[in-house]
Amino acid sequence: MTQHDAAQHEHGYCPVCGAEMLPDGGPSNLPHCPRCSYVRWSNPKVGAGVVAERDGRILLIRRNHEPMMGKWSFPSGFVDGGEVVEEAAAREAREEANVEVRIDSLLGVYSTAGDPVVFVAYAATITAGEPTPGDEAYEVGLFALDALPDLAFPHDQRIVDAWRQHTGR
Ligand SMILES: [Zn+2]
């Protein structure tokens, strides 16, 4: 197979008219169909998570899955199509740490060039349940702000900073 064939194969066939897709180029610089102008958009993926507080400490989970397996982070995950973002954030706290949370406010929206994930972080309060690890966590814990473990993701520290600012701590 020539490199040219490999490139075409990689971009597949147009789902509208069946022509071979071309790689980036064209007005949007995305894979596109030379026959009918169909463009394969690179859609973002929306993630959501919570900084969930109880008695001045915040809930973290130690991830048992990639990316950043073994590192601590906030309960978080991808939003399902059609799901309310706040409900997705609360669902992740339930799934990963077995607690119910009340979503209090938006902390921020985080994205990085070249990364398709757009992450939405909320401040929340634990309203029920004792934190225990769900299927996606090795362990869970409530941490004081001055005793946080190393956090998994580049935006995690920005989220902590936003929470401090939000709560005045
Ligand atoms: Zn086409």
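Read-outs throughout are calculated quantities, based only on the coordinates presented, and are distinct from any laboratory measurement. Values in this document were obtained by computation on a predicted structure and should not be read as measured data. Because the Cβ atoms are built from the backbone with ideal geometry, glycine has one as well, and the counts that use them run over all protein chains shown.
Remarks
- Taking the Cα atoms of the chain, the ratio Rg/Rh between the radius of gyration and the Kirkwood radius comes to 1.13.
- Lys/Arg +1, Asp/Glu -1 at C-beta; the stretch 57-129 dipole; positive extreme among Ser76, Val120, Leu59: Leu59
- Extension gain from Asp135 to Gln157, taking 0.36 nm per residue of separation minus the Cα-Cα distance: 5.4 nm
- Rounded tilt (10° steps) of 156-167 against the dominant C-alpha axis of the chain: 50
- Between helix 85-97 and the chain: long-axis angle, C-alpha atoms, 0 to 90°, nearest 10: 60
- The GNM of the chain, with springs linking C-alpha atoms under 10 angstrom apart, assigns the highest mean-square fluctuation among His32, His65, His155 to His32.
- Centre-to-centre separation between the Cα atoms of the stretch 113-169 and those of the stretch 50-76: 5 Å.
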